[in-house]
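Participant: Pasting a structure here, questions to come.
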Amino acid sequence: MPDPAGPLAGTLVVDLTRALAGPHAGMVLADLGARVVKVETPGGGDDTRGWGPPFVEPEGGPGDGSDRQSTYFMSCNRGKESVALDLKSDDGRRYLTALVERADVLLENFRTGVLDRLGFGTERLLELNPRLVVLSITGFGHDGPEGGRAGYDQIAQGEAGLMSITGSGPDDPQRVGTPIADLLAGMTGVHGVLAALLERERTGRGQVVRTSLLASVVGVHAFQGTKWTVAGEVGRAQGNHHPSISPYGLFRCADGSVQIAVGSEGLWKRFCDGFGLDPALEGFATNPERVARREEVVTLVEELFASWSAPDLLARLAEIGVPAGKVRTMDEVYTWEQTASQGLLVDVDHATLGTVTLPGPPLRFFDADGAETTRREHRAPPLLDGDGDAVRAWLNGESLDGDAHREQGA
């Protein structure tokens, strides 16, 4: 029977990370039911606490910015507890040692060598806790000629080739609109952590899992990677049209634009039948022909769409069974009934802001009878050291006055 508290209920994660890649990994593990204790620097905390605007403040607050909360921080720290520890002090190291001894997983994204200088290198961590799984995330890898480079998302997007295939054309490199290198590194790290925890069930021992922003982006190059490694062709940005399928992309219509994905010859026939085209039209009958003549295909399709309004066009495409969609703004996404139906909005009780709505976890769980067992309750992103007293009390063997979530982790 699935555990309603989540598949990782009873797992303790110590999160030493900041910014986005590591914190995102920690949040995913928290969503899966783990107890995640975020260790932050006293005074300032995670870098993202200062990243903004936008910031939000509680109603009736002092209005001087002292109580403001970063929405960036809130995007990647749902479900965690926060304890502020100075890891350069004896007291901070003592509490971190106690956490490591109890933990199942430790997350870190320091630059190479920093943890060693603090006295918590890999050997020491696994000496303290041989069952510990350590996830270590860097920008460009832990070794190699550029292993020590600092990693920030946009730099990694460029260095890993992603920007060269994103944009309106080869001379217009663009970053992806979310910090996708960071997010992919966090997601890749979670895959490694879950695999290592599963292997620990067999071996009884933990291990170190390493990934990087570079590795995580290269790992999802997909056909753009094999285009070079196998065919020797360099992929380039070409706007909103697929490099290997046509017609597949964004097309203008009378009052805006729609997206279509004609991903097979069967769909091409449906599309042509639905709009009065001959699917065997010379030079357009097969996908390779259409890709070779993409500009002509775009012109042809947009001429067909010129008299259609976007709503009517989407209705027609749905009627004939051709995959299509609109380009939604972010507010439209979060007010869309389909988004809500998938559990992608969660309400949490924040310590100073009250009830706030956050983007929710992308996974849902069901038992063998089809009943949904997805967790419904989530903790708000924590205030800096907001759980410090309770975490220290627990580590000192004191009572936690019945906090079920923390007792579960303990």
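The values are calculated or read from the model by the stated rules, or taken from the named source; none is laboratory data. Nothing here was measured: the structure is a model prediction, and the numbers come from that model. Here Cβ is always computed from backbone atoms with ideal geometry, including for glycine, and neighbour counts include all displayed protein chains. What goes into the accessible areas is simple: the full protein's heavy atoms, side chains included, and nothing from ligands, DNA or RNA. Shrake-Rupley method; radii C 1.70, N 1.55, O 1.52, S 1.80 Å.
Participant: Please count how many residues of region 188-226 are without any contact (Cβ under 8 Å) to a residue 12 or more places away in the chain and hydroxyl-bearing (S, T, Y).
Facilitator: 2
Participant: Name the pairs whose Cβ atoms lie under 6 Å apart, with the first residue in region 285-312 and more than 15 Å from H241 (Cβ to Cβ), the second part of a helix (DSSP H, G or I) and open to solvent by less than 40 Å² (accessible area, probe 1.4 Å), and 6 or more positions between them or separate chains?
Facilitator: The qualifying pairs are L304/F275.
Participant: Quick check: anything in region 372-382 closer than 25 Å to T71 by Cα, modelled with pLDDT under 95, out of contact with any helix residue (DSSP H, G or I) (no Cβ under 8 Å at 6 or more places or on another chain) and open to solvent by 40 Å² or more (accessible area, probe 1.4 Å)?
Facilitator: Scanning region 372-382 turns up at least one residue that is closer than 25 Å to T71 by Cα, modelled with pLDDT under 95, out of contact with any helix residue (DSSP H, G or I) (no Cβ under 8 Å at 6 or more places or on another chain) and open to solvent by 40 Å² or more (accessible area, probe 1.4 Å).
Participant: For a quick check of your reading: which helices (runs of 4 or more DSSP H) sit entirely within region 138-239 and have at least 1 residues that are of a type in the set (A, V, I, L, M), under 30 Å from T329 (Cβ atoms) and in contact with a strand residue (DSSP E or B) (Cβ under 7 Å, 6 or more places away or on another chain)?
Facilitator: So the answer is 180-203.
Participant: Moving on. Regarding T374, is this residue among the hydroxyl-bearing types (S, T, Y) and either closer than 14 Å to N77 by Cα or part of a strand (DSSP E or B) (or both)?
Facilitator: When the stated conditions are applied, T374 does not pass them.
Participant: Kindly establish whether E108 is touching a helix residue (DSSP H, G or I) at 6+ places or on another chain (Cβ under 8 Å), modelled with pLDDT of 95 or more, more than 18 Å from R200 (Cβ to Cβ) and buried (at least 23 other Cβ atoms within 10 Å of the Cβ).
Facilitator: no
Participant: Next up: What number goes with the only condition from (1) under 17 Å from L115 (Cα atoms); (2) within 21 Å of the chain's Cα centre (by Cα); (3) surrounded by fewer than 20 Cβ atoms within 10 Å (Cβ to Cβ) that E159 does not pass?
Facilitator: Here E159 clears every test but (1).
Participant: May I pose another question? Select from region 229-252 the residues that are under 19 Å from D171 (Cα atoms) and of a type outside the set (V, I, T) and list them in ascending order.
Facilitator: E233, G235, R236, A237, Q238, G239, N240, H241, H242, P243
Participant: Sticking with this one: Can you name the residue in region 326-349 that is charged (D, E, K, R) and assigned to a loop (DSSP other than H, G, I, E, B) and is also most open to solvent (accessible area, probe 1.4 Å) among such residues?
Facilitator: K326
Participant: Condition first: more than 18 Å from G388 (Cα to Cα) and open to solvent by 20 Å² or more (accessible area, probe 1.4 Å). Can you find one or more residues in region 83-93 that meet it?
Facilitator: no
Results for (1) more than 17 Å from the chain's Cα centre (by Cα); (2) open to solvent by 70 Å² or more (accessible area, probe 1.4 Å), shown as yes or no for each residue.
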position	(1), (2)
P130	yes, no
L135	no, no
P170	yes, yes
T188	no, no
A196	yes, no
E199	yes, no
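Participant: While we're on this one: Does G139 fit the bill of being within 26 Å of L87 (Cβ to Cβ), touching a helix residue (DSSP H, G or I) at 6+ places or on another chain (Cβ under 7 Å) and surrounded by fewer than 20 Cβ atoms within 10 Å (Cβ to Cβ)?
Facilitator: no
Participant: Can you tell me which residue among Q207, Q238 is open to solvent by 50 Å² or more (accessible area, probe 1.4 Å), within 31 Å of the chain's Cα centre (by Cα), at pLDDT 95 or above and of a type in the set (S, T, N, Q)?
Facilitator: Being open to solvent by 50 Å² or more (accessible area, probe 1.4 Å), within 31 Å of the chain's Cα centre (by Cα), at pLDDT 95 or above and of a type in the set (S, T, N, Q) holds for just one of Q207, Q238, which is Q207.
Participant: Restricting to region 114-128, and then to whatever is touching a residue at least 24 places away in the same chain (Cβ under 8 Å) and outside any helix (DSSP H, G or I), can you tell me which residue is surrounded by the fewest Cβ atoms within 10 Å (Cβ to Cβ)?
Facilitator: The qualifying residue surrounded by the fewest Cβ atoms within 10 Å (Cβ to Cβ) is G119.
Participant: Just the residues that are among the aliphatic types (A, V, I, L, M), within 13 Å of D31 (Cβ to Cβ) and either part of a loop (DSSP other than H, G, I, E, B) or open to solvent by 60 Å² or more (accessible area, probe 1.4 Å) (or both), please, taken from region 350-371.
Facilitator: If the condition is that a residue be among the aliphatic types (A, V, I, L, M), within 13 Å of D31 (Cβ to Cβ) and either part of a loop (DSSP other than H, G, I, E, B) or open to solvent by 60 Å² or more (accessible area, probe 1.4 Å) (or both), then L363 is the only one that fits.
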